[in-house]
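Written out below as structure tokens is the structure these notes cover.
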Amino acid sequence: MRALRLLAATAAIGTGLWIGTALADAPPPSYPPGYTPAYAPTLTYDWTGIYIGGHIGGATTRSEWTYTNLPFVDSMGQSSNGFAGGGHVGLQRQWGSAVLGAEAAYTWMDQQATSLSSDGVTSLTSSAKSLLLVTGKFGAAWDNILAYAKAGYALGDVDYRTTVTSTGALLTTSSRQQQGWTAGVGLEYALWDHVILGVEYDYVKFNVGSRDQLLPGGGSSGTTVTEAGIDTQMVTARLSFKLGGGRP
């Protein structure tokens, strides 16, 4: 009796193995054109790769500073708006739905605003232009949509100058590159495997502090800029071309 049971079990196992082998060797099932079975796997976009592109949009800048030219002391807040645009290059890698990367972006802008000094004859101008942003990037991907945040280093040309209001003649200046920090968020959509559209918001902060104003020839003017800081906010549309990644 035990022998019969063992023989039956062996036959059942052998039959199962034969059926499994036959199914594995069988050609895949065919479906009518345009039909996709419900269990078919979904192909997911891969954001891994190097990308390069351009961006264009607008910026608004708020500049607060105090100009001292004794006996006159002028504290002011100035605002300006204008065009912002440039190029960017970066690399990123995707793990599951997480995307990590780094990016360098150059943005040209010319944000400047002018106030009249309390002496009645001098114009006081602050300006910020030519931004370089180097940032780390962290995002979450849903197929070909990527939402991300970024933060890092900022470098920009910041200038404080005074001129004769009636003629525009330069009196003093302190133009130089200023270091700061930046943070932002963005949303991107992969239109095709290697073409990406996006929109991004960036906040840039320069804590300028104090500067000695120089004469046009380079000598000291005896006037100063103190308590100075500049905030810039930008919203830009982006077009990027990516190498690698795409859909598997």
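What follows is calculated from the coordinates using simple rules that are stated; it is not laboratory data. As the structure is a computational prediction, the values presented were derived from the model and not from experiment. Heads up, the Cβs are rebuilt from the backbone with ideal geometry, glycines too, and the neighbour counts pull from every protein chain shown.
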Checklist entry - Say the dipole of the stretch 51-243 comes from +1 at the beta carbon of Lys and Arg and -1 at that of Asp and Glu; which of 111, 73, 240 then lies farthest toward its positive end? => result 240
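Taking the stretch 143-248, which GluC sites (Glu not before Pro) meet the DSSP loop condition and have no more than 11 other C-beta atoms within 10 Å?
Working: sites: 188, 200, 227; in loops: none.
Those that pass, being in a loop and sparsely packed, number zero.
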Next on the checklist: On a straight-distance basis, which aspartates and glutamates could pair with residue 150 in a cross-link, Cα separation under 16 angstrom, same-chain partners fewer than 8 positions away excluded?
Outcome noted: 103, 188, 200, 202
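Less than 11 Å Cβ to Cβ from residue 130, Lys/Arg counted +1 and Asp/Glu -1: what total charge do the surrounding residues give? Mind showing how you got there, number by number?
Details: positive: 129; negative: 110, 157, 159.
Result for the local shell: -2.
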Checklist entry - Ordered by packing density, taken as the mean number of other Cβ atoms within 10 Å over each peptide's residues, highest first, how do 153-160, 207-214, 167-174 rank? => result 153-160, 207-214, 167-174
Checklist entry - From the backbone phi of the stretch 80-93, what are the Karplus-calculated ³J(HN,Hα) couplings (6.51 cos²θ - 1.76 cosθ + 1.60, θ = phi - 60°) in whole Hz, Gly and Pro given as x? => result 8, 9, x, 6, 9, x, x, x, 8, 9, x, 9, 8, 9
Checklist outcome for this item: Using eta = 0.692 mPa s and T = 37 °C, Stokes-Einstein with Kirkwood Rh from Cα pairs puts D for the stretch 176-229, in µm² s⁻¹, at 220 µm²/s
Item to check | Long-range amide H partners of residue 144 with built H, under 5 Å | outcome: 45
Checklist entry - Computed FRET efficiency, Cβ-Cβ of residue 60 and residue 147, R0 25 Å: what is it to the nearest 0.05? => result 0.60
Item to check | Summed side-chain charge close to residue 114 - residues other than residue 114 whose Cβ falls under 14 Å, Lys, Arg +1, Asp, Glu -1 | outcome: -2
Checklist entry - To the nearest 0.05, how large is the calculated FRET efficiency for residue 44 and residue 157 if R₀ is 41 Å and r is the Cβ-Cβ distance? => result 0.45
Next on the checklist: Please give the charge dipole size of the stretch 51-243, origin at the Cα centre, charges +1 on K and R Cβ atoms and -1 on D and E Cβ atoms. Round to the nearest 20 debye.
Outcome noted: 300 debye
Checklist outcome for this item: A student asked for the Cα radius of gyration and Dmax of the stretch 51-243 in angstrom ought to give 19.8, 64
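How high is the relative contact order of the stretch 51-243, in percent, counting Cα pairs under 8 Å that sit 6 or more residues apart?
On the way: 576 pairs, mean separation 44.4, N = 193.
That works out to 23 percent.
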Item to check | Phi to ³J(HN,Hα) by Karplus 6.51 cos²θ - 1.76 cosθ + 1.60 over the stretch 111-123, Hz, x for Gly, Pro | outcome: 8, 8, 9, 10, 10, 8, 5, 5, 6, x, 10, 10, 9
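Could you work out the local net charge near residue 183, counting Lys and Arg as +1, Asp and Glu as -1, over the other residues with Cβ closer than 12 Å to its Cβ? Could you put the intermediate results ahead of the total?
On the way: positive: 137, 150, 205; negative: 200, 202, 231.
For residues surrounding residue 183, the net value is 0.
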